[in-house]
Amino acid sequence: MFSPNFNQMDWSISWDESSLNAYKEVFRALCLIPILHYVIAFMVIWVVFLYNFLEFHFFQDFFSGFRGAPVALTFHPTSHIYHGVVSKCKILHGRYLATPWLSSPHFQTAFLNFFGNPPAFSYRRQLFHASDGGTIALDWLTSSDISRGAFEVNHTISKDDTTPLVVVIPGLTSDSTSSYIKHLAFGLATHGWNVVVSNHRGLGGVSITSDCFYNAGWTEDARVVIDYLHHQYPKAPLFAIGTSIGANILVKYLGEDREKVPVAGAVAICSPWDLLIGDRFICRRLLQKLYDRALTIGLQGYAKLHEPRYSRLANWEGIKKSRSIRDFDNFATCLVGKFETVDTYYRRSTSTPYVLNVSVPLLCISALDDPVCTREAIPWDECRANKNIVLATIKHGGHLAFFEGITGSRLWWVRATDEFIGVLHSSSHMHKKKTEITEQKASIESSIDQGPYVNVREDGMVAAVGSAHAGNKSVEHFTGLGSIQDKTVLATEQTQQQTETKSDVAGSGGEVSGECSSLQRIKCFDVITASKRWLDHLLFRKNGKSVWLLVYIAIITSWPILGSALRIFSSKKKLRKFSAATSHRR
């Protein structure tokens, strides 16, 4: 009766003994393998892991015959910058092959920062003092310095010099002594350009002399330095190059000032584009966290140089305990720059929203394997929509590295930048600063032209338009209001005020009254002309609601003049009745 249970138990025991014996046999076999073989296998596994972890691409380059990867160009189909400039750049239409023993973005980036093979030369320094008391170090390297091989103590650039001038804006905690900046400055000066590196405040061996520090979105220093150089050397075409955070600052500045910038062309190298995306990216993986920590140490070193001001304006204990860029921005940048939160600072400092506003020929170069500035933040669509921008993306290159050649003595992006601005300079596509239009003062000015008027858009919306006169500049301000009724009331009230003012002046004397009456006739003619344009516009509208709405606005805005006419007519009628009654009594 119980025999089946006993048989099952015996079978399980025998099964356990047989499996144990099998493991023992495997262990004996593994012990027979030499230890050297284990070491070799471990090394192979470790190499494969590191190859993928460090994103090496040596075998990809090997199997492609070391031909390199082509440069991908993104641009608007009708872009005059591409067809007139970039299409003639052989380097941008070629291939990039990384130095074989640096075929990893992390190796390239590390080698650039620790070694870099920079050329040996010295700058000439100029201290620029901003209006807020801040000091900016401008380091010069001219083409004549390279040709002479040594500096002349009193050598200066003539005010009438026509040699193209390039302004360089370095990256985060970088200055004119950084390896990639020296590569760029030397390469440009060798090819006949005058180069000036605009160091950030507190860098380049210069102390902070005001309570204003630079940050990733601080464009004021770039603006004042570029304006100063433009006025100091008005005949020299001015170009600007930004690297990393400097590229973000440059693009933001170009988008803020649009046509007013005195820059003929610009280049943005390895821009972070969207700081909020970059903040999420740099703490995602182990390697990115190492970069985050390294950059934080650099920021803490920068803060240490200016500890007296940082300890007064920011949280010094928090700065010392920071373990990431976000921590530093929380305890330092946000407090000094008056930002509510770190995310607020990142959103306001991001250059992506300004890309569509750039009116200057702009070349943007980014590496898709950049370990610091992720490809996820690249504004592909915005660059494609702007006819002034050409985006060049390279499969490999690291952050600001792009080493090429067996010895790794050259940076690919330096050659590409030099070729681009060279072709741009010899073309007709250089940007020219929008000239200031001098006002032509007529003998009789219309006060209606000086005041706000109503601008009718094709979609039926209404915008108030006014002219603000300052010196010899005339700037039109377009203010979008949420309510059409509010806009109509605003225009009506100001027109009424102008009419009442004219009536007061007309009653002050005979001569003045005569002049004002002539002015009123001219102004009435202007109003009739403007009203005629509106009626012509109304006749061609297909939307009935928009027609009646515009008719209502036209009646309301012209009511003060019609009211004045009715009042004059009624007063004349009353005067006639009064004179008739008086004569009847007589």
Applying the selection to region 201-217, what residues are touching a Gly at 6+ places or on another chain (Cβ under 8 Å) and under 22 Å from Ser178 (Cβ atoms)?
-> Arg201, Ile208, Phe213, Tyr214, Asn215
Of residues in region 380-417 being under 21 Å from the mean Cα position of the chain (by Cα) and of a type in the set (Asp, Glu), the one nearest to Lys260 (Cα to Cα) | Glu382
Spot the failing condition for Thr162; the list is (1) among the polar types (S, T, N, Q); (2) in contact with a Lys or Arg (Cβ under 9 Å, 6 or more places away or on another chain); (3) surrounded by 21 or more Cβ atoms within 10 Å (Cβ to Cβ), and only one is missed.
-> (3)
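Each row is one residue, and each column tells you yes or no for (1) assigned by the TED database to the domain that holds Asp369; (2) on the phi < 0 side of the Ramachandran plot; (3) of a type in the set (Asp, Glu); (4) at pLDDT below 85.
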{"residue": "Ala22", "(1), (2), (3), (4)": "no, yes, no, yes"}
{"residue": "Ser64", "(1), (2), (3), (4)": "no, yes, no, no"}
{"residue": "Pro77", "(1), (2), (3), (4)": "yes, yes, no, no"}
{"residue": "Leu112", "(1), (2), (3), (4)": "yes, yes, no, no"}
Here the qualifying pairs (Cβ atoms under 6 Å; residues six or more apart or on different chains; first in region 378-396 and closer than 15 Å to Trp413 by Cβ; second part of a helix (DSSP H, G or I)) come out as Val390/Ile81; Val390/Tyr82; Val390/Val86; Leu391/Cys383
Within region 446-465, is there a residue that is under 29 Å from Asp175 (Cα atoms), modelled with pLDDT under 95 and not polar (S, T, N, Q)?
-> no
Filter region 73-94 for residues that are assigned to a helix (DSSP H, G or I), farther than 18 Å from Arg415 by Cα and of a type in the set (Gly, Ala, Ser) and give the result.
-> Gly84
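Residues are listed down the side, and each one gets a yes or a no for (1) over 18 Å from Gly246 (Cα atoms); (2) in contact with a Cys (Cβ under 8 Å, 6 or more places away or on another chain); (3) open to solvent by less than 20 Å² (accessible area, probe 1.4 Å):
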site	(1), (2), (3)
Tyr346	no, no, yes
Lys395	yes, no, no
Ala401	no, no, yes
Trp412	yes, no, yes
For Ile181, state whether it is farther than 22 Å from Ile421 by Cα and open to solvent by less than 30 Å² (accessible area, probe 1.4 Å).
-> no
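Condition check ((1) open to solvent by 20 Å² or more (accessible area, probe 1.4 Å); (2) modelled with pLDDT of 95 or more; (3) within 29 Å of Val423 (Cβ to Cβ)) across all residues:
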site	(1), (2), (3)
Gly133	yes, no, no
Thr142	no, no, yes
Ala150	yes, no, no
Asn154	yes, no, no
Ile157	yes, no, yes
Pro170	no, yes, yes
Thr190	yes, no, yes
Asn199	no, yes, yes
Applying the selection to region 356-369, what residues are surrounded by 24 or more Cβ atoms within 10 Å (Cβ to Cβ) and outside any strand (DSSP E or B)?
-> Val358, Val360, Pro361
Quick one: which residue in Leu254, Leu299, Leu335, Leu276 is out of contact with any His (no Cβ under 9 Å at 6 or more places or on another chain), part of a helix (DSSP H, G or I), more than 27 Å from Leu184 (Cα to Cα) and touching a residue at least 24 places away in the same chain (Cβ under 8 Å)?
-> Leu276
Note on region 350-394: residues in contact with an Asp or Glu (Cβ under 7 Å, 6 or more places away or on another chain) and not aromatic (Phe, Trp, Tyr) are Thr350, Thr352, Val355, Leu356, Ser359, Asp369, Ala377
When you go through (1) open to solvent by less than 100 Å² (accessible area, probe 1.4 Å); (2) within 38 Å of the chain's Cα centre (by Cα) one by one for Arg67, which number turns out not to apply?
-> (1)
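Residues checked against (1) in contact with a strand residue (DSSP E or B) (Cβ under 8 Å, 6 or more places away or on another chain); (2) of a type in the set (Lys, Arg); (3) open to solvent by 20 Å² or more (accessible area, probe 1.4 Å):
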{"position": "Ile277", "(1), (2), (3)": "no, no, yes"}
{"position": "Arg285", "(1), (2), (3)": "no, yes, yes"}
{"position": "Gln288", "(1), (2), (3)": "no, no, no"}
{"position": "Arg293", "(1), (2), (3)": "no, yes, yes"}
{"position": "Val342", "(1), (2), (3)": "no, no, no"}
Run Leu254 past the list (1) under 19 Å from Ile157 (Cβ atoms); (2) modelled with pLDDT of 95 or more and report the number of the one that doesn't hold.
-> (1)
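The values are calculated or read from the model by the stated rules, or taken from the named source; none is laboratory data. Note that the coordinates shown come from a computational prediction; the quantities given were computed from them, not determined experimentally. Don't worry about glycine lacking a Cβ; one is built from the backbone with ideal geometry, like all the others, and counts go over all protein chains shown. When the accessible area is computed, the model is the full protein with side chains, heavy atoms only, and any ligands, DNA or RNA have been set aside. Shrake-Rupley method; radii C 1.70, N 1.55, O 1.52, S 1.80 Å.
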